[in-house]
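Student: Please read through the structure below; I'll follow up with questions.
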Amino acid sequence: MIELSALRKVYPSADGPVVALDGIDLSVGRGVVHGIVGRSGAGKSTLIRCLTGLEQPTSGTVTVDGVTLTGLSEKQLRTARRNMGMVFQHVNLLDSRTVAANVAYPLEVAGVPRDRRRARVAELLDLVGLGHRGSAYPAQLSGGQKQRIGIARALATEPAVLLCDEPTSALDGETTRQILGLVRDLRDRLGITVVVITHEPSVVREVCDEVTLLEHGRVVQSGPLTDVVTATGSPLSRALVPVPDLPPDAGRHLVEVTYATDDVATRDAFAAVASLGDDVEVVSATVEPLAGRRVGRLLLDAPRGGTDDVVARLRTAGMDPVVTGRDGVGADVVGTGTEGVA
Amino acid sequence: MDGFWSELTSNRVITQMLPEATVETLQMVGLSALVTLVVGLPLGLLLRSVAPDGLTPNRTTSAVLGVVVNVLRALPFIILAVALIPLTRALVGTSLGWEAAVVPLSIGTIPFFARLVETAVRDVAPGKVEAARVMGSSTAKVVSQVLVREALPSIVSAFTVTVISLIGFSAMVGAIGAGGLGFLAISYGYQRFDATVLYTSVVVIVVLVTLVQVVGDAVARRLDHR
């Protein structure tokens with residue numbers, strides 16, 4: 001559905017060129033919810049702007065639903081954009097229009113006749129559970145309701161792709177869960193392909209099937225959620241399966257292991273750890289529901305020089321441990337704080 | 001009070017000239033306001049569009065328009081009005097009367113209104129423009145449906161301020177032959193020491209200004225759904 005190939009974007013600046021995207025290859029299949037995470041300035045926003053054609057890449061190609069966006073004229077791009085819906089962090093509804101007129105806007109742009117517009121708007125408002133608020137103005141809605149309207153508007157032209165740029169970063173926890181539930185539900189019902197840009201690990205955990213980590217404009221890690229989180233020691237497994245803080249007296253030579261409970265039962269994992277003897281301490285651990293399974297992550301403090309032995313013995317138990325320093329275990333690769341669109 | 005009312009109803013300048021002067025003021029302000037709206041609104045939108053962060057940035061146009069607007073705004077209005085007499089004669093055929101006054105009045109307020117429109121439109125959140133563009137809007141659609149529509153309450157307020165300053169300017173051009181309430185107040189009230197004429201003209205002007213403000217505020221409030 002979405003194909004990015006060798007995508008590069010370089011911005012000129014006073015201090016020389018800034019490379020925002022440095023050779024991105026990415027493929028997102030139909031009906032998949034794909035998360036794109038990374039710190040501020042990793043290139044997430046540039047990537048989504050290239051997907052919408054608002055930004056022309058310096059080199060490489062962007063193909064959405066069989067249409068290659070690179071090299072299209074402005075007019076062709078405008079038509080191509082009707083096959084994409086976009087949801088923004090700050091929603092960006094027009095305050096001067098009622099809720100129904102906001103949802104109707106993309107249909108007006110697409111030249112849909114008035115009576116068909118009205119029917120479609122009613123359908124869309126029902127779809128997001130706000131069928132009764134059509135005549136309200138955006139200022140009269142709560143943040144969560146506004147974002148529902150933003151989603152209804154994005155779906156108006158029946159796009160094949162829904163792009164979400166930090167869709168829940170301005171919302172509270174419960175509203176976030178509702179909005180993400182709606183996105184997942186829409187994917188299931190409409191078979192739409194969704195790209196979610198986020199800095200919140202919880203968004204990836206709740207809604208994504210696949211995830212890509214960007215850093216300095218490059219793909220650091222990418223794949224199905226279940227694969228990336230069980231890749232022990234990988235940046236995404238650390239970000240998505242966080243463990244409680246280590247005690248201050250934890251040693252500097254730690255063994256880290258991440259496993260899915262349908263591969264290794266937690267009971268067996270703990271038994272394997274217990275068999276390592278009294279010298280090995282579990283300094284932090286968690287078992288979290290993720291991507292329809294449960295994922296465990298353990299950090300063991302092994303005695304000096306004993307890490308290789310611990311690794312070997314856990315491997316026999318079917319796990320894939322790595323030796324790590326204590327600095328890396330909580331690696332914050334996703335970053336914190338909210339980001340704007342630009 | 002009786003003396004004032006009898007003076008008001010017996011003063012021939014007031015009974016015979018004030019109604020006509022009021023109509024003249026309304027005509028010159030009305031027509032100038034219309035011209036200002038028709039020329040100033042697009043000019044303000046153009047100023048915003050060609051700005052470096054506008055929809056269609058154009059450094060040269062931006063610089064040239066900026067200089068023209070600033071120069072026109074920097075000139076004190078009364079000097080501009082006198083300097084424009086030759087142009088007024090060329091356009092209207094005379095430099096006297098309310099029709100002639102429309103030329104300096106419009107030229108004096110267009111840059112002022114255009115700047116206010118530019119500011120109003122600049123306050124529209126960039127995210128709304130971005131959203132409209134992602135939804136496939138053409139530049140014309142972004143300007144009409146997003147920039148103008150979202151800024152409309154501010155544009156109405158800007159137009160209210162503009163019309164009020166036009167009423168003030170119209171009194172000034174009255175002094176150089178345009179007629180209207182300004183002319184009446186200066187030549188009959190001030191120069192002939194007729195305080196009743198002077199203050200009655202002032203009261204009518206104050207009433208006009210108040211009406212414009214009240215109507216403008218009501219319209220802006222009605223349009224504002226933020």
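Student: Please work out the FRET efficiency for the pair residue A:178 and residue B:199, using the Cβ-Cβ distance as r and a Förster radius of 56 Å; give the result to the nearest 0.05.
Tutor: That pair, residue A:178 with residue B:199, gives E of 0.30.
Student: Taking amide H positions as placed in the peptide plane 1.01 Å from N, state which residues far from residue A:18 in sequence (5 or more) or on other chains have amide H under 5 Å from it.
Tutor: For residue A:18, the qualifying residues are A:11, A:13.
Student: Which ³J(HN,Hα) values in Hz, rounded to whole numbers, follow from the phi angles of segment A:3-11 under the Karplus curve 6.51 cos²θ - 1.76 cosθ + 1.60, where θ = phi - 60° and Gly and Pro get x?
Tutor: 3J(HN,Hα) across segment A:3-11, in whole Hz: 10, 10, 10, 6, 6, 10, 9, 10, 9.
Student: Amide H of residue A:136 versus every other amide H placed in the peptide plane: which residues, excluding those fewer than 5 positions away on the same chain, fall under 5 Å?
Tutor: Amide H neighbours of residue A:136, under 5 Å, 5+ apart: A:99, A:100.
Student: Same structure again: Rounded to the nearest angstrom and ordered from largest down, what semi-axes does the equivalent ellipsoid of segment A:243-301 get from its C-alpha gyration tensor (root of 5λ)?
Tutor: 21, 14, 7
Student: Using only alpha-carbon positions, what ratio does the radius of gyration of segment A:1-114 give when scaled by 2.2 N^0.38 Å?
Tutor: Scaled against compact globular proteins, the figure is 1.20.
Student: Can you run phi through the Karplus equation (6.51, -1.76, 1.60; θ = phi - 60°) for segment B:20-33 and list ³J(HN,Hα) in whole Hz, with x for Gly and Pro?
Tutor: 3J(HN,Hα) across segment B:20-33, in whole Hz: 5, 5, 5, 4, 4, 4, 4, 5, 5, 5, x, 5, 4, 4.
Student: Under 28 Å Cα to Cα from residue A:146, which lysines show up? Leave out anything in the same chain fewer than 8 places away.
Tutor: Cα-Cα hits under 28 Å: A:44, B:128, B:141.
Student: Run the helix sum for chain A: -39,500 (n - 2.57) per DSSP H stretch of 4+ residues, divided by residue count, reported at 222 nm to the nearest 500 deg cm²/dmol.
Tutor: Calculated from helices alone, the mean residue ellipticity at 222 nm is -9500 deg cm²/dmol.
Student: Just B:56, B:162, B:200 to compare: in a GNM of chain B, with alpha carbon springs under 10 Å, which one fluctuates most?
Tutor: B:56
Student: Please express the shape of segment B:103-226 as an equivalent ellipsoid: the semi-axes are the square roots of 5 times the eigenvalues of the C-alpha gyration tensor, given largest first in whole angstrom.
Tutor: Whole-Å semi-axes of the equivalent ellipsoid: 40, 15, 8.
Student: Something else now. Taking Cα atoms, how many degrees apart are the long axis of helix B:149-173 and the longest axis of chain B, rounded to 10 and kept between 0 and 90?
Tutor: 30 degrees
Student: Evaluate the relative contact order of segment A:122-274 (contact order divided by residue number), counting alpha-carbon pairs under 8 angstrom at least 6 apart; express in whole percent.
Tutor: Relative contact order of segment A:122-274: 14 percent.
Student: If you don't mind, there's one more thing I want to ask. Summing -39500 (n - 2.57) over the DSSP H runs of n ≥ 4 in chain B and dividing by its residue number, what mean residue ellipticity at 222 nm do you reach, to the nearest 500 deg cm²/dmol?
Tutor: So the calculated ellipticity at 222 nm is -24500 deg cm²/dmol.
Student: So for the protein assembly as shown, what percent of the C-alpha to C-alpha distances run longer than 41 Å?
Tutor: Roughly 45 percent, once rounded to a whole number.
Student: Over chain B, what is the mean sequence separation of C-alpha contacts under 8 Å (at least six apart), divided by residue count, expressed as relative contact order in percent?
Tutor: Averaging sequence separation for qualifying contacts and normalising by length gives 25 percent for chain B.
Student: OK, next. Calculate how steeply helix B:59-74 sits against the longest principal axis of the alpha-carbon atoms of chain B, using the helix alpha-carbon long axis, and give the answer as 0 to 90 degrees to the nearest 10.
Tutor: 20 degrees
Student: Continuing with this model, one more query. Going by amide H atoms built from the backbone, whose H comes under 5 Å of the H on residue A:128, apart from near neighbours?
Tutor: Those qualifying (amide H under 5 Å, at least 5 residues apart or on another chain) number zero.
Student: Per residue of segment B:39-54, what does 6.51 cos²θ - 1.76 cosθ + 1.60 with θ = phi - 60° give for ³J(HN,Hα)? Whole Hz please, x for Gly and Pro, Karplus curve as stated.
Tutor: Per residue, the Karplus-derived 3J(HN,Hα) values read 8, x, 4, x, 5, x, 5, 5, 3, 5, 5, 8, 4, x, 9, x Hz.
Student: In nm, give the distance between the simple-model label positions of residue B:16 and residue A:286, each being 7 Å from the Cα along the Cα-to-Cβ direction.
Tutor: 9.4 nm
Rule-based calculations on the coordinates, nothing more; no lab input. Note that the structure is a prediction, hence the values are computed from the model and not measured. Counting neighbours? That spans all protein chains shown, and the Cβs are built from the backbone with ideal geometry, glycine included.
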